[in-house]
Each structure stands twice: as C-alpha cells, then as structure tokens.
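Engineer: Quick one: structure below, then a few questions.
The values are calculated or read from the model by the stated rules, or taken from the named source; none is laboratory data. This structure is a prediction, so every number in the text was calculated from the model and none was measured. All Cβ positions, glycine included, derive from the backbone under ideal geometry; neighbour counts span all protein chains shown.
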Amino acid sequence: MPLPSLLQAPEVRQLIQLLRDKGLTVDEDDPEQMAGLLQTRLAKSLGISADISDMVPDKVIPNLDIAGIAQYIQEGKAKRVIVMVGAGLSTAAGIPDFRTPGTGLYDNLQKYNLPDPQAIFSIDHFRKHPGAFYELARDLWPGNYAPTTAHFFLRLLEEKGLLLRCYTQNIDSLEELAGVSRELVVAAHGNFSSAHGIDTGVAVPVQELQNAVQRGEEGWAALRSKWGELVKPDIVFFGEALPERFRRLLRQDFTQCDLLIVMGTSLVVAPFCECIGFVGDSCPRLLVNRELVGLESRGAYRGFRIGEERNYRDVFYEGDCDVGLEALCKDLGWAEDLAQLKAIGPVAPHRQKSSRAVGSSGGKLLGAWFNGHWGAMHLALAVAAVISPIAGGIALRCWHALSK
Ligand code: OAD
C-alpha cells in the first residue's frame, strides 16, 4: 500500500492523533518521519508486527558494551551525539531523584500533605496550595549544587565537537554550570531561569521570584499581590505543554543522531521517554543507569532490546553515571581530558559565552579557568584594590574586563 493511502487508515489516524496529543510534532508530508514513527505501532495495528519487528539487522557496533561504544566513537562514526538525561545525573551532586524508593523526592513529601506526590508539580494543586511548591523551590533553586563528573562529560563531548544536543529533564541547570553551551541544552521540563504569572503569562523578573521564595510565605504572598496572580518559575508542571523549543529541535536533531546516550532516568514521563525511539534504526544507543529502563518488551516505543537475542545496537551499563562515563572515557583515552575539566570546575553562567570565544586550546583552558574561579578572582581583585593604589588601578581595569 503506498504511504499516502496508508496514512488514511483509521488505526493510523488514531495513532497520529495519539502522538499529537502527547505533544509530538507529526509531519505527514515527511515520509521518512512517518515510516520511522509508524514502523512498530503501525505494523502492530495492521496485524503484521511479526514480519517487521522480528527482523534483526547486523550489529552496528562490534560488541554491545562500553568498549564497543568507545571503538565506534574512535572510528569517527559518532559525529552527532544526543544525550538524554534525568535526575540520576544529579544524585551525586546531592539532589535526590524522583522515584528511587526511600531516597527519591516522591517518597519524602509527607510534610506537604499532598493527595499524591506528583501533586507538588500540578498546576491545580499549586493554585490552591502554592506554599508546598514554593517551599520545595527554595531548596531546589540552583546555586546550592555543583556539577558531577557526568555533567563534565557532557562538556567534554562538546569540546570534542561531538555533542549535537543534550536533552535534559532536570531543572537544576547543572549542564550549563559544567560549561555546556546554552544552545546545546534543551531543558525539556523547563528550569528556574525565567518566571511567569500563571494566569496572564506576563514575564516576571526571575530574581524577584527568587527573593520572594527565599522570604517564605510573606514573600510569595507579597509577590502575588504585586502581580495580581501567582508567579511560578518556568518549570513544566503536569498537564502543561513542553517548551516549543523542545518540540522544534526534536524533529531536526533525532533523525541525524548517530549515537544516543541515555542516562540517569526512569524513562517513564512522556513525551520525553518516547524520544529514544526517534533515532534511526542504525543508531547505537547506550543506557547508563542503575536499573534497566525503556525496554521495548515492556511497551516502550521502539525501546531498548537489551538482553534480547534480537538486540543489535543497544548497550547497558548498569551502575552510576559517573562510574560508567569514567569507564567510557578510559576506553576512549579521554580520562585526562575529563579530569582537567573537573579540576577547572563550574563555570559562571553569565560568563559562559566569553570562554567559548577564546580561540586556541590554551586560551580556551585559561578562559575556562577564569570562569571556574570567577568568584575568587573578584574577591582577590577587591582585596588588591584596597591594599595598594597601583594594584588597585590594575585591579579595577581587570575587574572591568572580567565583568564585561
Ligand atoms: P526518576 O527519579 O524517575 O529516575 C531516575 C533514574 O535514575 C532511576 O532509574 C534511578 O535508578 C537512576 N539513578 C539514580 N541515581 C543514579 C546515578 N547516580 N547513576 C545512574 N542512575 C541513577 O527521574 P527522571 O527520570 O528524571 O518531571 O524523572 C522524570 C520526570 O519525572 C522529572 O523530570 C519530573 C518527574 O516527575 C516533572 O517534574 C515534570
């Protein structure tokens, strides 16, 4: 059956509608996207699933392990790497994930007396009881946590010119703090970088919200009176649409991806979790996680076939992100590079662009060092300015240059 008439079949119309309802962009004029999207589910709805999904292509990497992925990268086959991450990336920084029994956030919200744990991120609950989210936001507000080894690995991928994009579900902005360029990060569930009124959508300076949240109920109540509505950071709550940038870049990125790395996520929240199925059939996929997730056999859309005989491209590293990525870097001969980036440390977000502008690798490192130590630099210059007029003059000029 030619593709256009296939698209009119009622089962297919239903499927397309389902995907659109989940916030995905479905372009019916793009035969490649159609074929990719529909392959598994369409085949199933037409009763021919066995014919298609049982075909096993040849392995796309020599061995389905970390060494195999390292070899694939070393052979220059991974030029456009997408990394999809979740809360497990930041647990080593001291931020709990959501669903790990006992330590996950959803097991530790009793004091808020919620109807169910996810209500903390529900817009209806927020309207009625804003205090719970505001109190949590005070703890989660970026600034208290430092990037992990895994975050610096993202930066290393960028420095190597391999990172096409990092899609993160996290709201901690640690990718940026590790020095990954803002344009290479898609905050699929938003973050604390901006804020809006929840009724009119008016933009509110985020610093105002942060100050209010730090002051507790008195602060956020005053902010509400000032703006005539509740104000919330641009974190995506349940029931809200994902950012337009996520949907736009998703389409352009995933079809060209030649290596997908997924780490620290339970892959249970749609539409994010479905993205693992959007890469092409020949794209290897590496999952670094404490547990197996996103399995096709458990219903994940074009999910991982880890542990199955018909697996020809999926690799699972069972364990902590930091450990798995250190193992990968060792196999790649990148251990020293990773250690250097970690030694440089976090980058001040507002100074990020200038370090990218420095051309030579030596200059880059120097720029990065300045970024990593910007707080200490300002302090040292301030002290110099106080103790000596000459040093003070030089200090002021340096200060001015650093602050540009
Ligand atoms: P989850 O808490 O659902 O999953 C975290 C996953 O990371 C689990 O599989 C853990 O076993 C694993 N993990 C934890 N620490 C790890 C470590 N150091 N190394 C490797 N793996 C580790 O978190 P997410 O998948 O990010 O949405 O949750 C997705 C979304 O659900 C969140 O963005 C949030 C939440 O509701 C919104 O708030 C909209």
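Engineer: Away from the ligand (no atom under 15 Å from the Cβ), on the phi > 0 side of the Ramachandran plot and modelled with pLDDT of 95 or more: does that describe G143? Spell out the reasoning first.
Structural biologist: Values: away from the ligand (no atom under 15 Å from the Cβ): yes; on the phi > 0 side of the Ramachandran plot: yes; modelled with pLDDT of 95 or more: no.
Criteria not met by G143.
Engineer: Could I ask something else about it? Looking at V262, V315, V269, V323, can you tell me which residue is more than 14 Å from the ligand (Cβ to nearest atom) and among the β-branched types (V, I, T)? Break it down stepwise before answering.
Structural biologist: Working: V262 fails: more than 14 Å from the ligand (Cβ to nearest atom); V269 fails: more than 14 Å from the ligand (Cβ to nearest atom); V323 fails: more than 14 Å from the ligand (Cβ to nearest atom).
It is V315.
Engineer: Taking the range 168-185 as the search range and keeping residues that are in contact with a Leu (Cβ under 8 Å, 6 or more places away or on another chain) and not charged (D, E, K, R), which one is surrounded by the most Cβ atoms within 10 Å (Cβ to Cβ)?
Structural biologist: Of the range 168-185, the ones in contact with a Leu (Cβ under 8 Å, 6 or more places away or on another chain) are 168, 170-172, 174-175, 178-180, 184.
Next cut, not charged (D, E, K, R) only: 168, 170-171, 174, 178-180, 184.
On the way: T168: 30, N170: 23, I171: 25, L174: 25, A178: 26, G179: 27, V180: 27, L184: 17.
Residue satisfying both the conditions and the ranking: T168.
Engineer: Name the residue that is surrounded by the fewest Cβ atoms within 10 Å (Cβ to Cβ), counting only residues in the range 75-124 that are touching a Cys at 6+ places or on another chain (Cβ under 9 Å) and in a helix (DSSP H, G or I).
Structural biologist: Within the range 75-124, the match that is surrounded by the fewest Cβ atoms within 10 Å (Cβ to Cβ) is A92.
Engineer: Still on this structure: Kindly provide the set of residues from the range 332-341 that are assigned to a helix (DSSP H, G or I) and buried (at least 18 other Cβ atoms within 10 Å of the Cβ), ordered by number. Walk me through how you get there before you give the answer.
Structural biologist: As a first pass, look at the range 332-341 and keep what is assigned to a helix (DSSP H, G or I): 332, 335-341.
Hits for the range 332-341 are L332, L338, L341.
Engineer: Separate question: Could you check the range 277-299 and list, in sequence order, the residues that are without any contact (Cβ under 8 Å) to a residue 24 or more places away in the chain and either part of a strand (DSSP E or B) or surrounded by 23 or more Cβ atoms within 10 Å (Cβ to Cβ) (or both)?
Structural biologist: L295, the sole residue that qualifies.
Engineer: Here's another thing I want to ask about it. Which pairs turn up if I take residues in the range 174-188 that are within 17 Å of G143 (Cα to Cα) and within 15 Å of the ligand (Cβ to nearest atom) and look for partners that are among the hydrophobic types (A, V, I, L, M, F, W, C) and assigned to a helix (DSSP H, G or I) with beta carbon separation below 7 Å, at least 6 apart in sequence or on another chain?
Structural biologist: L174/A93; E175/L154
Engineer: Let me ask another. Kindly establish whether I95 is under 30 Å from Q340 (Cβ atoms) and either within 10 Å of the ligand (Cβ to nearest atom) or of a type in the set (V, I, T) (or both). Let's see the steps before the verdict.
Structural biologist: Values: under 30 Å from Q340 (Cβ atoms): yes; either within 10 Å of the ligand (Cβ to nearest atom) or of a type in the set (V, I, T) (or both): yes.
It is true that I95 is under 30 Å from Q340 (Cβ atoms) and either within 10 Å of the ligand (Cβ to nearest atom) or of a type in the set (V, I, T) (or both).
Engineer: To continue, here is another question. Being in contact with a His (Cβ under 8 Å, 6 or more places away or on another chain), crowded, with 16+ Cβ neighbours inside 10 Å and at pLDDT 95 or above is the requirement here; does L154 meet it?
Structural biologist: Judged against the criteria, L154 is not a match.
Engineer: Hey, does the range 132-145 have a residue that's in contact with a Phe, Trp or Tyr (Cβ under 9 Å, 6 or more places away or on another chain) and closer than 30 Å to R251 by Cα?
Structural biologist: Yes, the range 132-145 contains at least one residue that is in contact with a Phe, Trp or Tyr (Cβ under 9 Å, 6 or more places away or on another chain) and closer than 30 Å to R251 by Cα.
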